[in-house]
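Scroll down for the structure; my scribbles are underneath it.
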Amino acid sequence: MRNRILRPVGILVLCGLLPIFAPIGSGHAADFPSRPVEIIINFPPGGIVDLSVRVLTEELSKTLGVPVVVINKGGASGAVGAQYVMSTEPDGHTILASAVSVFNIVPLLNPGLGYKLSDFIPLARYANSPSLILVGKNSPYQKFEDLVSYAKKNPGKLTCGNPGVGTASHFALEMLKIEAGIGFVNIPYKGGGELNVALLGGHVDFSTNGIAAAQKLVKSGQLRALAINTYERSANLPDVPSLKELGYPKSVLRIGVGYFLPKGTPKPNVDRLASGFEKAIKSPAVKRTLENLGNIVDYEDGPTFAASIAEEYRVLEEVGKRAKMFKIER
């Protein structure tokens, strides 16, 4: 009789414990996300990454069912924001939005940063934002050929602003130096917004900046675009010649933007976010807005994105060696 009585009680006790043990190893997918999701942009406001990320937040919030908060943590060409996200709890509630350069260029130039791609889970690439070669409206250089011609005759006299040391725009300039056989002084700024101010104020002779950050100033006539870092012209600025058509195809560099999670994020949560991002990115309204900003919508899922970064790293390492950009011989 005793056994008959205890057996049901034992079953009830075990059933009572099941809710306690069930989440272990499940990744807490059932209640994820359980609070607002933070997207950390590792560049200042007004630049390529900042403008394109904010386009997705409303749609992503609807998909995930929680508020999505955007926070800028710029510095060290994106490394500050990357290191911050790497140190957060890997539960999926904190996401890094970054230019791919933070993983395939910045580590090449600064090997001791303290983070690497393997510390993150690439979630999705969603866009490429081509850069423009820009001058002020009163600049004497009407065409890109004028700029190149002066630079060849006066090596080292021109100053060129870029959005930050180790950014893709900076690296693309070094590639152009090699291919065009010209010399100029690179001056880094803290993001695309600050760079625009510097060029408008005449503090540099020319600059390279993302189309998303500069096209409004070009269309308003405050800046003049001499070239775009693409193989083909942009539908947003059809009068601006591509570097390829100008004879510099080796200087074209895809400037990708994507999302990353800290290593250790449970797979169910990764999958939930990946699904949400894909839905948001492929939304017609989001796609249209991204393209209006000058982006090329270029969705890649996590595994494909990771493979692309690794391949780009190998290519850029060779370019860096030729340009003698590395402090340590590789």
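For the pair T88 and A285, label points projected 7 Å from Cα toward Cβ lie 2.5 nm apart. 3J(HN,Hα) along the stretch 114-131: x, 9, 8, 4, 5, 7, 10, 10, x, 9, 5, 9, 10, 7, 10, 10, x, 9 Hz, from the Karplus curve 6.51 cos²θ - 1.76 cosθ + 1.60 with θ = phi - 60°, whole Hz, x for Gly and Pro. When peptides 73-82, 281-290, 33-42 are ranked by their average number of other Cβ atoms within 10 Å per residue, the highest-first order is 73-82, 33-42, 281-290. The local environment of E38, defined by Cβ-Cβ distances under 15 Å, has a net charge of 0 under the rule Lys, Arg +1 and Asp, Glu -1. Note on the stretch 267-291 and the stretch 148-197: Cα centroid distance 34 Å, given to the nearest whole angstrom. Among 47-54, 131-138, 261-268, the peptide with the highest mean count of other Cβ atoms within 10 Å heads the list, and the full ranking is 47-54, 131-138, 261-268.
Each residue of the stretch 93-99 was assigned a 3J(HN,Hα) from its phi angle through the Karplus curve 6.51 cos²θ - 1.76 cosθ + 1.60 (θ = phi - 60°); the sequence is 7, 10, 10, 9, 10, 8, 5 Hz, with glycine and proline shown as x. Is any helix in the chain, taking whole DSSP H runs, at least 20 angstrom long along its axis by alpha carbon and on average at least -0.5 on the Kyte-Doolittle scale, and which ones? The qualifying helices are 2-21, 48-64, 267-281, 302-323. Across all directions, the average projected area of the convex hull around the alpha carbons of the stretch 131-251 is 6.3 nm². G47 sits among other residues whose Cβ lies under 11 Å from its own Cβ, and their net charge, with Lys and Arg +1 and Asp and Glu -1, is -1. Under 5 Å from the amide H of L226 lie the amide H atoms of I133, L134, V135, each residue being 5 or more positions distant or on a separate chain, with H modelled from the backbone and absent for Pro and chain starts.
Every read-out reported here was derived from the displayed coordinates using simple, explicitly stated rules and does not represent laboratory data. All of these numbers come straight from a predicted model, not from anything done at the bench. When we count neighbours, we look across all protein chains shown, and the Cβ atoms used for this are built from the backbone with ideal geometry, even at glycine.
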